[in-house]
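Contents: one structure, followed by commentary.
Derivation of every value follows stated rules applied to the coordinates shown; laboratory data play no part. All of these numbers come straight from a predicted model, not from anything done at the bench. Here the Cβ positions follow ideal geometry from the backbone for every residue, glycine too, while neighbour counts run over all protein chains shown.
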Amino acid sequence: MKGSYKELTLAMLRTGIFGFGGGPSVIPLIRHEAVSRYRWLEDDEFGEVLAIANALPGPIATKMAAYLGYKQKGVLGAFTGVLAHILPTCLAMILLLTAVNVLSYSKAVGGMIAAVMPVIAVMLGLMAYEFAEKAVKGLGKWLGGLCFIISFLLLQVISIHPAIVIVIFLAYGAVHFKLKDKRKHNKSKGKEMSV
């Protein structure tokens, strides 16, 4: 479903305004706009795009904004999406830099930042849970759990770069689902021959 420039601009402005704490914390907001509100993408496609965007260099939120804009309106849409996403932050930085000395010593500002951090953690946790639930649904409990353990070991114990781990699992996913489709096809052929 193609969106209008107005929808694209409003969606990316909202993610730029309400996205506090950097790229990963904005992803649930972008997902809400693209999947739930405007239905530009299915949840599975959003997960695939997110995985590919994580493997590429640069800020994740702007890559997602560019992809959504491009999918909706081509090159001009990509430009519009990125501009609408970064504009609120740029304007806020320009305005707040003039008052940074006063705000840096304020206990109220420190309290606001401390209050927002748990909200971001919950949003990221919820999104991770939803993706894990889909992984278990698609792969099964044992294989999903095994993939989690392998990715944890690769990232935390061996310290392989996350982009490499994502590429490994994307390649595995492509092979896994091709084999799964081939097995389904062979089973259906076998049933047809026995009938």
Distance (nanometres) between label positions extended 7 Å along Cα→Cβ at Leu76 and Arg37
2.3 nm
Can you bin the chain into rounded, prolate or oblate? Criterion: square roots of the alpha carbon gyration tensor eigenvalues sorted a ≥ b ≥ c, rounded for a/c under 1.5, prolate for a/b above b/c, oblate for the rest.
prolate
How far, in degrees from 0 to 90, does helix 141-152 lean away from the longest principal axis of the Cα atoms of the chain, to the nearest 10?
50 degrees
For an R0 of 25 angstrom, estimate the FRET efficiency from the Cβ-Cβ distance between Phe177 and Leu124 and round to the nearest 0.05.
0.40
Rank Ile60, Leu29, Ala174 by how far each Cα sits towards the positive end of the charge dipole of the chain (+1 on Lys, Arg Cβ; -1 on Asp, Glu Cβ) and give me just the farthest.
Ala174
Per the C-alpha gyration tensor (a ≥ b ≥ c, the square roots of its eigenvalues), region 40-131 is rounded if a/c is under 1.5, else prolate if a/b beats b/c, else oblate; here it's oblate
If I fit a long axis through the Cα atoms of helix 107-139 and take the longest principal axis of the Cα atoms of the chain, what angle between them do I get, 0 to 90°, rounded to 10?
10 degrees
Springs between alpha-carbon pairs under 10 angstrom, Gaussian network model over the chain: which of Met93, Met64, Met127 fluctuates most?
Met93
If you look for lysine pairs in region 24-160 that are eight or more places apart or on different chains, how many of them have Cα atoms under 25 Å apart?
4
Quick calc: nm separation of the 7 Å Cα→Cβ label points for Met93 and Val136 -> 4.0 nm
Among the lysines, select those whose C-alpha is under 19 Å from the C-alpha of Lys187, and discard any that sit fewer than 8 residues away in the same chain.
Lys178
